[in-house]
Structures are given as C-alpha cells and as structure tokens.
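Here the structure comes first, spelled out in structure tokens, and everything after it is commentary.
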Amino acid sequence: MDETLRDAVIRLPEGSWWHWDVIAWDAGQFRLAAGHDLTYHHGLELVFGDPGFVSCPAMFHDPVFRAPTREEHMRIARQLGAQPPVLVAFEADAGGQEPVSCLIAAEHLEIVHETVLRYWRDDAPPDQRFAPWVRQPK
C-alpha cells in the first residue's frame, strides 16, 4: 500500500454497519464483522492480514473511521520498529460513557461485502459462507 493509501480513511460499502464484533484473530489475520443485527448473519468483514498491533474492544457499535494521528503513527513505528503498510484508526461506542479510540496495524486490508450466516442451514447454496464457529449438526 502506498503512502497516500496508508493514511486514507476506510470507505465502507453502502449498508447498515452499526453492530461490530471480532470473529477471528490469530497470527495471520484479525477479522471484524459488521451488520445491523449480528444475531443471524453479517454482511461486511474487514480482514486485516498479518496484524502487528490491535487495540479495540471485542464488540462495539457505530465506529467513525478517521485518519491516524501523527502521534499514533509515531507510537506504532516505535512499537513495531517500522511503519506498517496499513494503519486504521476509529472511535467507537463500546458501551461506556465515552467512545473508545481504536487502532489496528497490519500488512494488508481486505474489505469483504457478502452475507455470512451465523447459524447452520441445510438448504444453503454450495457457495454460502458461514461464520468460523458454525458447524453442520451431526
């Protein structure tokens, strides 16, 4: 990602992306899911590849994405030893009295816009994606 994209504010596709949660996190990826109501499905995922730094709650609402500040850039560079290709900053409602500041540094970012079911359906089409924890009943 070039310098101009590194500081770009994330532009989400049209949709109701009010409720967010972490659906996967390991050394290879940090994956956020969003939708209006996450009970049965979500329609958006932000997939951070090779995350180097993550500071955000497990569940939050109504994030406001913004460009990272100069101080955030400097802090991450000191902590990671270099500027990451992707640095995403946002403020979100985590249920407290004031918004929480969130910061994610990664090697790359993919925005996936598709319906992902959070429950098993026997009649789902073969290409239907399911959340990582959904398993076919035995």
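The table for this structure:
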| quantity | calculated |
| --- | --- |
| Residue match in the range 70-92 (condition: at pLDDT 95 or above, farther than 24 Å from residue 9 by Cβ and aromatic (Phe, Trp, Tyr)) | no |
| Residue 107 loosely packed, with under 12 Cβ neighbours inside 10 Å, more than 20 Å from residue 42 (Cα to Cα) and acidic (Asp, Glu) | no |
| Some residue of the range 122-135 being touching a Pro at 6+ places or on another chain (Cβ under 9 Å), open to solvent by 70 Å² or more (accessible area, probe 1.4 Å) and at pLDDT 95 or above | no |
| Residues that are hydrophobic (A, V, I, L, M, F, W, C) and touching a residue at least 40 places away in the same chain (Cβ under 8 Å), drawn from the range 99-130 | 100, 102, 103, 104, 105, 106, 109, 111, 112, 116, 117 |
| Qualifying residue in the range 71-84 (condition: farther than 15 Å from residue 19 by Cα, among the polar types (S, T, N, Q) and touching a Lys or Arg at 6+ places or on another chain (Cβ under 8 Å)) | yes |
| Some residue of the range 20-35 being farther than 20 Å from residue 115 by Cα, among the aliphatic types (A, V, I, L, M) and at pLDDT 95 or above | no |
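The values are calculated or read from the model by the stated rules, or taken from the named source; none is laboratory data. Fair warning: this is a prediction, and the values are worked out from it, not measured in the lab. Neighbour counts run over all protein chains shown; Cβ positions are idealised from the backbone, glycine included. Areas reflect the complete protein model, heavy atoms only, side chains present, ligands, DNA and RNA absent. Shrake-Rupley method; radii C 1.70, N 1.55, O 1.52, S 1.80 Å.
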